[in-house]
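The values are calculated or read from the model by the stated rules, or taken from the named source; none is laboratory data. Just so we're clear, the structure is a prediction, and the values are computed from it rather than from any experiment. Because the Cβ atoms are built from the backbone with ideal geometry, glycine has one as well, and the counts that use them run over all protein chains shown. What goes into the accessible areas is simple: the full protein's heavy atoms, side chains included, and nothing from ligands, DNA or RNA. Shrake-Rupley method; radii C 1.70, N 1.55, O 1.52, S 1.80 Å.
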Amino acid sequence: MSAPFPIARPRRLRRTAALRELVAETTVRTSDLVAPLFVREDIDEPQPIASLPGVVQHSHDSLRAEVAALAELGVPAVMLFGVPARKDAVGSGASDPDGVVQVALRSLHRDLGDAVVLIADLCIDEYTDHGHCGVLAESGEVDNDATLEVYAQAAVAQAEAGARIVAPSGMMDGQVGRIRRALDEHGHVDVSILAYSAKYASGLYGPFRDAVDVRIAGGGNRSGYQQDWRNGREAWREVDADIAEGADIVMVKPALPYLDVIAAAKARTTVPVAAYHVSGEYAMIKAAAANGWIDGDAVALEQLTAVKRAGADVILTYLARWFAESQADAAR
Ligand code: PBG
């Protein structure tokens, strides 16, 4: 019996799995993903990270095996973070040719060539004894312009070791322009910059700081350089500046609380937009699932799809290996 008034029936297209598949707008692919990986100096066996279940600090050998496995599964890129054995005030390990990430880049480049895009996070917080993303002035504040010089050196060291993309994450003003100049001057015109453009001072980085052994001195925080999460338009200013300075890809971080910012970046730019589904986002899924409160796999897929639907062309996620394996299983 028909209704006595016009009624829209969107449910018609939801009736069967095949219909839903036909009209689905957004599908995450393994090739959209970048796996963030941690490599720690001076260990022989991978070390678990309590607040990031399933993620480890790799040894050099276990990192090589992991990246080879990811490549085999079709994950196109990895982002490396280093955990050095020694830290100092200026984060020397970030630009030392024998620093942990440079050593890792060289061996991965030797193993895999261009089969995987090697991306190096470019920051010094993992390497400084005070845990800030920049060098400190007498006042104790992060010195923006002095930090740019340190980033320039790190970029060149990473490129020389085999990074195809460097990813400045410290939120210093002018970092993209300074790094672009350093790379070009050293003949690395083909090395790209993935800019952490709109990176918020988020509470969701806690597990990451466990993973890289970072405690910010004096119980400090990064609100003096990372963005205030009350602001959306400010992100456009950051994105515009990074593109003007030469960013090849812009990134929004974290992902889920900032879907509006991802969508705005996508509408505003012609470069690829990346989003980082960060450690705390991953940890929340794992913790709730471990309690039996949510279906972790279902929520993970829903979240990654939402990030892509908002406009992300590239998603950095600790779920990359799980996702790639689930796709490979589904194809069998
Ligand atoms: C800084 C950096 C951080 C993350 C990526 N790069 C931490 C911070 O800003 O404190 C966080 C990533 C995550 O939480 O997964 N080098």
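Here are the numbers for the structure shown:
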| item | result |
| --- | --- |
| Heavy-atom accessible area ranking, 1.4 Å probe, most first, across VAL142, VAL239 | VAL142, VAL239 |
| Rounded Å value of the spacing that divides the Cα centres of the stretch 158-224 and the stretch 34-97 | 16 Å |
| Per residue solvent-accessible surface (Å²) - the chain, probe of 1.4 Å | 47 Å² |
| Quotient of Cα Rg and 2.2 N^0.38 Å for the chain, N being how many residues it contains | 1.03 |
| Rough spin-label spacing in nm, given labels placed 7 Å along Cα→Cβ, for GLU302 and ALA89 | 5.1 nm |
| Simple label model, 7 Å out from Cα along Cβ direction - SER2 to ILE294, nm | 4.3 nm |
| For the stretch 215-260: Kirkwood Rh in Å [reciprocal of mean 1/r, alpha carbons] | 12.4 Å |
| Label-to-label distance, nm, for residues given as ASP248 and SER223 (7 Å Cα→Cβ offset) | 3.7 nm |
| Largest to smallest principal axis extent of the C-alpha atoms in the stretch 105-159, angstrom | 46, 18, 13 |
| Reciprocal mean inverse distance between Cα atoms of the stretch 77-203 - Kirkwood radius, Å | 14.5 Å |
| Helix runs (DSSP H) in the chain reaching 20 Å along axis by Cα, Kyte-Doolittle at least -0.5 | 144-161, 296-310 |
| Full-stretch length increase - ASN231, ASP190 - with 0.36 nm per residue and alpha-carbon distance subtracted | 11.4 nm |
| Radius of gyration, Dmax [the stretch 127-188; alpha carbons; angstrom] | 12.0, 37 |
